[in-house]
């Protein structure tokens with residue numbers, strides 16, 4: 001099958017914009033090189049006791065990715081803020097030396113703004129990753145990292161999410177002085193273009209008639225599993241949930257059997273063996289299982305630095321998700337009941 005077989009020939013904004021991610025990531029990494037270095041120097045000079053992430057939706061899935069990178073590479077405890085603590089309950093945060101990492105495409109949601117303002121007032125060093133550089137969120141930052149993803153017209157965020165992941169990887173690589181990851185990031189734009197060309201069309205046929213689906217990942221790949229599950233719901237009207245390959249064993253796997261569908265995201269890091277193991281187990285139960293894995297699976301994936309592999313997988317996924325939505329009779333650019341910018345309290 002050719003790389004272009006992942007599409008039914010119809011262009012969508014979702015597919016087009018996902019295909020622009022490589023160019024945007026290259027711009028983002030180059031434009032923010034000095035900012036990443038400056039943030040890293042500050043964090044090493046005054047190590048934060050904790051990191052609090054503030055985000056919603058796809059950006060919160062990027063925050064999950066940040067948690068695993070920060071905790072494994074710097075040892076700093078990292079947790080996602082419950083935004084309503086600030087926006088609805090108006091509860092003050094304990095003061096202290098911490099990093100607040102806020103991630104957003106639009107930078108407008110009132111609950112996000114309230115939570116970041118709360119963290120800033122409590123003494124946090126605020127770093128904002130945002131696509132809309134002139135947004136209210138950017139105004140709250142000590143340092144702004146523009147994502148340079150460009151305008152997204154599809155309701156389904158793609159290139160801004162990929163840019164967020166790349167920015168997180170670059171920030172943590174600089175903070176931890178990880179030369180291997182810094183070198184790997186130089187190859188990322190080219191690898192994103194390669195990942196976009198990979199043929200994931202078997203997933204379109206496998207999931208076209210699905211009604212329930214799990215997306216499995218672990219470690220660095222959990223955040224993109226969360227993102228994939230959201231996109232299945234948003235763009236294809238397909239009920240999908242994401243789980244860690246460990247967490248799925250604590251109850252959820254009881255419903256897996258015939259007629260159930262699984263997308264498993266492997267990799268080359270130490271967490272990947274567990275993903276492959278549970279995928280094999282679910283296959284034996286009669287579930288329809290597709291494994292994306294650089295080590296060999298049902299869907300192709302690029303072998304790279306373990307931190308980079310999930311970014312490449314979600315790039316391949318986005319193209320397939322656009323084709324799947326069309327195959328199921330949905331418009332991925334304009335899902336029902338959704339707006340491009342969501343503002344919650």
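We did not get these values from a lab; they are worked out from the coordinates using the rules stated. All values reported here derive from a predicted model rather than from experimental measurement. Ideal geometry is used to build each Cβ from the backbone, glycine not excepted, and the neighbour counts take in all protein chains shown.
Quickly rank 36-44, 299-307, 316-324 as a protection proxy: mean count of other C-beta atoms within 10 Å, highest first. Don't jump to the answer; show the numbers that get you there.
Details: 36-44: 16.9, 299-307: 20.4, 316-324: 27.8.
Going by the mean number of other Cβ atoms within 10 Å, highest first, we get 316-324, 299-307, 36-44.
Helix 110-121: angle to the longest alpha-carbon principal axis of the chain, degrees 0 to 90, nearest 10? With both axes taken from Cα atoms, the answer is about 40 degrees.
With the simple model of a label 7 Å out from the Cα in the direction of the Cβ, residue 345 to residue 246 spans 3.9 nm. Report note on the peptides 139-152, 105-118, 242-255: ranked by the mean count of other C-beta atoms within 10 Å, highest first, their order is 105-118, 139-152, 242-255.
Legend: ranking of residues 337, 330, 61, 261 from fewest to most surrounding C-beta atoms inside 10 Å; resulting order 337, 330, 261, 61. Residue order for 313, 28, 73, fewest other beta carbons within 10 angstrom first, comes to 73, 28, 313.
Assign one of three labels to the stretch 228-277, namely rounded, prolate or oblate, based on the Cα gyration tensor with a ≥ b ≥ c the square roots of its eigenvalues; rounded applies when a/c is under 1.5, prolate when it is not and a/b is larger than b/c, and oblate otherwise. Taking the square roots of the gyration eigenvalues as a ≥ b ≥ c, the stretch 228-277 is oblate. Comparing mean-square fluctuations of 193, 180, 35 from a GNM of the chain with C-alpha springs under 10 Å, the top value falls on 180.
In terms of the mean number of neighbouring beta-carbon atoms within 10 Å, the peptides 50-57, 95-102 order highest first as 50-57, 95-102.
With a ≥ b ≥ c taken as the square roots of the eigenvalues of the C-alpha gyration tensor of the stretch 79-128, please select rounded if a/c is under 1.5 and otherwise prolate if a/b is larger than b/c or oblate if it is not? Mind showing how you got there, number by number?
Numbers: a/c = 1.96, a/b = 1.13, b/c = 1.73.
It comes out oblate by the Cα gyration axes.
Helical runs assigned H by DSSP (4 residues or longer) give the chain a calculated mean residue ellipticity at 222 nm of -14500 deg cm²/dmol, each run adding -39500 (n - 2.57) before division by the residue total. Put in line by how crowded their Cβ is, counting other Cβ atoms within 10 Å and starting with the fewest, 175, 200 read 175, 200.
Helix 309-327 and the long axis of the chain differ in direction by around 50°, with both axes built from C-alpha atoms.
Restricting to Cα pairs below 8 Å that are 6+ residues apart, what does the relative contact order work out to for the stretch 194-327? Please round to a whole percent. Provide the component values of the computation, followed by the final result.
On the way: 248 pairs, mean separation 43.1, N = 134.
After rounding, I find 32 percent.
Need one word for the stretch 14-186: rounded, prolate or oblate. Basis is the Cα gyration tensor (sqrt eigenvalues a ≥ b ≥ c); a/c below 1.5 gives rounded, then a/b vs b/c decides. The shape class here is oblate.
For the chain, the longest principal axis of the alpha carbon atoms and the long axis of helix 33-45 meet at an angle near 60°.
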